[in-house]
Structure formats: structure tokens, C-alpha cells
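The values are calculated or read from the model by the stated rules, or taken from the named source; none is laboratory data. Model, not experiment: these values are computed from the prediction. Here Cβ is always computed from backbone atoms with ideal geometry, including for glycine, and neighbour counts include all displayed protein chains. Just so you know, the surface numbers come from the protein's heavy atoms only, side chains and all, with ligands and any DNA or RNA stripped out. Shrake-Rupley method; radii C 1.70, N 1.55, O 1.52, S 1.80 Å.
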Amino acid sequence: MVFWVSCAIIGVLVLLIIAWGWRASWRLRVNRSIILERERLLQGHNPGLRPREDQPVLLETFRKDYLIRAEGFLDDSTLKTFRQECSDNMPRIVRGFVPTHKQGGTLSYETLHHHAVNCLSLYHSERMLNWVSDIVGVRVYPAGDHDQSACSILYYTQEGDYINWHVDPNFYHGRQFTVLIVLINRSENGGLSASNLMRKRPDGGEEVVFAGENDLVLFEGTRIWHKVSPVKAGDVRVILSMTFNTDRKISLFWELARRAKDTAFYGLRVLWD
Ligand SMILES: [Fe+2]
């Protein structure tokens, strides 16, 4: 009797794993209807970047450190529009909590297609893709359409929201780069929030990567250990997070691994979605 029950449980588990793999491979081939509409959605949205002349310095810094900061990245009207979009979407935030690793809210890539088209338009703009490609010295592209963390908005808005030390996992074939733009970074009293992006130096020491409002940080997250220290009560820190890849291809095995990682941000739903 025990033998047959065990066989039945194992059989059900095998079927579930097969169904999971089939669903994921189908998602890799067939885009959601909203993704197919992206070109139409983005028409007329032209995010503005401030003119800058520090490209040669940034390029050289990235070559040495795999991390650069660019202050005052967006023009004033674009920053204002992005901030408004972030505030309007507060009710749609999905909160995630993984003990000892992270706590915070996220707006997924798919939700951006529905409700934050201005922020989304920056991720797909030729100007942005060219700017990142020039700094990192290799052509980059948006991550896969099935990837809910390809472009997302991160909200550190409740006391203790943070993410602990990690390197960014890369499930794609090529290199991967992370861009963070600080849209809102304020404390209750009007100064900056208590939260900081931090990195580990090659010598093992830790340092703050200062990022005020409208500052951009571009880094190769697979090489650099980094974290975001906790916000205090009343702090609001909202980040536009974008990942760029040199190769958008991903194997089914790594797609399943990527989904497992994304449960920390969007819950168990992303395993199947
Ligand atoms: Fe990260």
C-alpha cells in the first residue's frame, strides 16, 4: 500500500514538473498580448536625457571599476512625469519578503506595460540603449519579454525595506548590466532617506555608492557584491531598475531558475505565470 501511494505521489510530482516546464517553454515562445502591443503603446513617448559631456570619463571608469554614477540623468520634465507615474502606481505594488535577504515592493515589467508607459519607454529608447552600450563597450539589448525583472520599479517605502548583499544572477547567455535611476529619495523631514546603495570593493571593504534623486548608477551586477541598506520610518526611496543584456537567449533550465529567483519579488505566482 505504502509503495503504491509513494508511486502515485512521485507520478503527480513528475507530471507537475513536466507541466511547469511546458508552460515556461511556451511563455518563451509566445508573448503576452500586451507585449505585442508595445510598439503602439510607446508611440509618442520620448523620454528626455540631460545633455552631458562626461562620456569619456564614465567609459574609462567603467572599464576599471565595472560601475559608474551619472548625476542628474533625466531632464526635468521627464523626471517629473516618471515620479508621478511611480506615485500613481503605489496601490499596484507587490510586496515581497524573504527572511535575511530582502523586503520591499516592486512593480513588474508587465505592469509597466499597462500602467507606467513613460518609465517603460526609457528602457526601450534607442538613446538609452546607445548610451549604455557606449559606456560598457558592447552592444546591449532589453532583457527577455518574459522576464518580470527586465525593467521594474522598486519601492522602499516601509520601515526596514532593504536588500542584503548579493550579486545579480544572470540567466542569459551573454553579459548583463544593471541600471538604477533614483526617482525619489526622501526622508520624512525633507532630506535624503537613510537607505543607501552599497558595494564591496575588491579589497573587501564596503563603500556607499551615493545616489541622490535623478542620479543613475550603471554596473555589472554579476561582478559586484552590492546591497541596499534599510529605509527608516517615513522614508521613500523609489528606483527605476533596468537590466540590459548582450544576448537575450535563455535556456529552459535557466528560465525555470530565473522564475524561482523572481518569487522573492513577485511571489509564487511567477512560477506559473
Ligand atoms: Fe542587485
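Of the residues making up region 122-177, those that are farther than 20 Å from TYR66 by Cα, hydroxyl-bearing (Ser, Thr, Tyr) and open to solvent by 10 Å² or more (accessible area, probe 1.4 Å) number 5.
Here is a yes/no grid of residues against (1) farther than 21 Å from GLY234 by Cα; (2) within 13 Å of the chain's Cα centre (by Cα); (3) not basic (Lys, Arg):
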| site | (1), (2), (3) |
| --- | --- |
| ILE153 | no, yes, yes |
| ASP161 | no, no, yes |
| TYR172 | yes, no, yes |
| LEU183 | no, no, yes |
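When each of PHE171, PHE177 is tested for being assigned to a loop (DSSP other than H, G, I, E, B) and within 14 Å of the ligand (Cβ to nearest atom), the lone residue that passes is PHE171. In this structure, does ASP76 turn out to be more than 21 Å from ASP168 (Cα to Cα), in contact (Cβ under 8 Å) with a residue 12 or more places away in the chain, over 14 Å from the mean Cα position of the chain (by Cα) and surrounded by fewer than 16 Cβ atoms within 10 Å (Cβ to Cβ)? Judged against the criteria, ASP76 is not a match. VAL217 meets each of the listed conditions (1) within 16 Å of the ligand (Cβ to nearest atom); (2) open to solvent by 10 Å² or more (accessible area, probe 1.4 Å); (3) under 27 Å from LEU49 (Cα atoms) apart from (2). When residues in region 180-213 are screened for being part of a loop (DSSP other than H, G, I, E, B), touching a residue at least 40 places away in the same chain (Cβ under 8 Å) and within 16 Å of the ligand (Cβ to nearest atom), 2 of them pass. Taking region 178-214, which residues are surrounded by fewer than 15 Cβ atoms within 10 Å (Cβ to Cβ) and within 26 Å of SER77 (Cα to Cα)? Hits for region 178-214 are GLU188, ASN189, GLY190, GLY191, PHE210, GLY212.
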